[in-house]
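Take a look at the structure set out below.
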Amino acid sequence: MQLFLILNSCSSSDNESVNIVDKEEIQTDFIAENQGDFVITTDNLVYNVNIKSDRIYPYIEQIDAEGKTTVLKTLDFTFPKLVFSQSGELLLISPNKTNDSDKIFRFENNFQQLNPFYVMQAESSPFAKLARLGIICNANDGSYFVFDYTSNNIKRIIPELGTDVFIAGSGKEEIKDGDGLEAGFGGITKILFHKNIFYLIDNNYKSNGTSDGISYIRKLEFLNNKWTVTTLISTPGVNVYKDLAFDANNNLHVVVSEKGIYKLNLQNNDLSLYKDWSVKIRKDNRQYYTNFKTVTGLKFKGNVMYLATSDLLIKISDYQSKFDALGK
């Protein structure tokens, strides 16, 4: 697995010059360990999924604005996905938790308990399999949109009413644009809500008969009283879309596996390179090297950028000014 950051061997004990600011490096707010999903509160606290090499299961930890970490609760399942409720509570789904893949969980009692917040409605057939919630998105109206890998469709959950409703998906593994039942999905790995539109990363590994498959960026919106799915752009081979994020200027950024961060022009669906270079970064008296080609996750909060890899999470405040200072 390719490493995103490589620790420089020098430290304050063997090189007195390490505290001198290098004009070719970027100062970071923190560099923390990361092994999965993360979310950011309105007051700049990060809730992060992490796992130590000596542990079997991951745990939820809190990271403050300066990088201080506090372990909150160990989980008994892998690869959870996080989202905040409308009231700021931390919610969680786990597609790999066999008997609970149909549930949204909520952390309660100061993170000492993890209890069901919502359970998906059972299918009408007595032999129907449990829903398998693969990804979740807060629609900012008290409802949540999820992708169910069992039924291969998108559903809207309204916890206040105790109900979930079908939105779009034929139930077949196919990439097909259209309204409601006419639309088809491969396997959605990201749902991002922005200005009344849901942006999706959808991967279809069977459409071209290869193991690489094709990765798509699509959108879901309510038009003429119908939920409509439209494909914006696709990429074949190993160049899988990994994440989507809007910055403060409403620019949509796309993380492309092993290629870097791009911007998607939503007027013409043109994908242009934003960052793909290597750079030195620093936290306190330790210097690292980083490469934007190895980014797997991305979030913005105002003028702050959060970058994730397979094992690290990096916070860079005033990021654009720092990039501009390097002339890149």
The one condition in (1) surrounded by 20 or more Cβ atoms within 10 Å (Cβ to Cβ); (2) part of a loop (DSSP other than H, G, I, E, B); (3) not small (Gly, Ala, Ser) that Ile104 fails to fulfil: (2)
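Quick one: count up the residues across the stretch 63-82 that are under 15 Å from Asn44 (Cα atoms) and touching a strand residue (DSSP E or B) at 6+ places or on another chain (Cβ under 7 Å).
Of all residues in the stretch 63-82, those under 15 Å from Asn44 (Cα atoms) come to 63-70.
Remaining after also requiring touching a strand residue (DSSP E or B) at 6+ places or on another chain (Cβ under 7 Å): 63, 66-67, 69-70.
Residues flagged as under 15 Å from Asn44 (Cα atoms) and touching a strand residue (DSSP E or B) at 6+ places or on another chain (Cβ under 7 Å) within the stretch 63-82 amount to 5.
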Test result for Ser278, free of Cβ contacts under 8 Å to residues at least 40 places away in the same chain and closer than 23 Å to Lys315 by Cβ: yes
Scope the stretch 295-328; condition of a type in the set (Phe, Trp, Tyr) and either touching a strand residue (DSSP E or B) at 6+ places or on another chain (Cβ under 6 Å) or open to solvent by 50 Å² or more (accessible area, probe 1.4 Å) (or both); matching residues: Phe300, Tyr306, Tyr319
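Residue-wise test of (1) touching a Ser or Thr at 6+ places or on another chain (Cβ under 7 Å); (2) part of a helix (DSSP H, G or I); (3) surrounded by 15 or more Cβ atoms within 10 Å (Cβ to Cβ).
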{"residue": "Thr235", "(1), (2), (3)": "yes, no, yes"}
{"residue": "Val238", "(1), (2), (3)": "yes, no, no"}
{"residue": "Ala245", "(1), (2), (3)": "no, no, yes"}
{"residue": "Asn250", "(1), (2), (3)": "no, no, no"}
{"residue": "Val254", "(1), (2), (3)": "no, no, yes"}
{"residue": "Lys263", "(1), (2), (3)": "yes, no, yes"}
{"residue": "Ser272", "(1), (2), (3)": "no, no, no"}
{"residue": "Arg282", "(1), (2), (3)": "yes, no, yes"}
{"residue": "Lys293", "(1), (2), (3)": "no, yes, yes"}
Residue list for the stretch 186-199, filter: touching a residue at least 40 places away in the same chain (Cβ under 8 Å) and either assigned to a strand (DSSP E or B) or crowded, with 20+ Cβ neighbours inside 10 Å (or both): Ile188, Thr189, Lys190, Ile191, Leu192, Phe193, His194, Phe198, Tyr199
Test set (1) hydrophobic (A, V, I, L, M, F, W, C); (2) within 19 Å of the chain's Cα centre (by Cα); (3) modelled with pLDDT of 95 or more; (4) over 17 Å from Gly297 (Cα atoms) - Phe77 fails condition number: (3)
Pro126 at pLDDT below 95 and more than 30 Å from Asp284 (Cβ to Cβ): yes
Residue pairs meeting the criteria (Cβ under 7 Å; at least 6 apart or on separate chains; first over 24 Å from Gly88 (Cα atoms), in the stretch 47-70; second open to solvent by 40 Å² or more (accessible area, probe 1.4 Å) and assigned to a strand (DSSP E or B)): Tyr57/Thr74
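Rundown of residues vs (1) modelled with pLDDT of 95 or more; (2) surrounded by 18 or more Cβ atoms within 10 Å (Cβ to Cβ); (3) part of a strand (DSSP E or B), yes/no style:
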residue: Ala32; (1), (2), (3): no, yes, yes
residue: Gln35; (1), (2), (3): no, yes, no
residue: Thr42; (1), (2), (3): no, no, no
residue: Tyr47; (1), (2), (3): yes, yes, yes
residue: Ser53; (1), (2), (3): no, no, no
residue: Ile56; (1), (2), (3): no, no, no
residue: Glu61; (1), (2), (3): yes, yes, yes
residue: Glu66; (1), (2), (3): no, no, no
residue: Thr70; (1), (2), (3): yes, no, yes
Scan of the stretch 141-172 for residues that are crowded, with 16+ Cβ neighbours inside 10 Å and among the polar types (S, T, N, Q), ordered by number: Ser143, Thr150, Ser151, Asn152, Asn153, Ser170
Residue, least open to solvent (accessible area, probe 1.4 Å), within the stretch 121-140, restricted to residues that are free of Cβ contacts under 8 Å to residues at least 24 places away in the same chain and not hydrophobic (A, V, I, L, M, F, W, C): Ser125
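The values are calculated or read from the model by the stated rules, or taken from the named source; none is laboratory data. In this text the structure is predicted, and so the values were computed from the model without any measurement. Neighbour counts are summed over all protein chains in view; Cβ atoms, including those assigned to glycine, are modelled from backbone coordinates with ideal geometry. When the accessible area is computed, the model is the full protein with side chains, heavy atoms only, and any ligands, DNA or RNA have been set aside. Shrake-Rupley method; radii C 1.70, N 1.55, O 1.52, S 1.80 Å.
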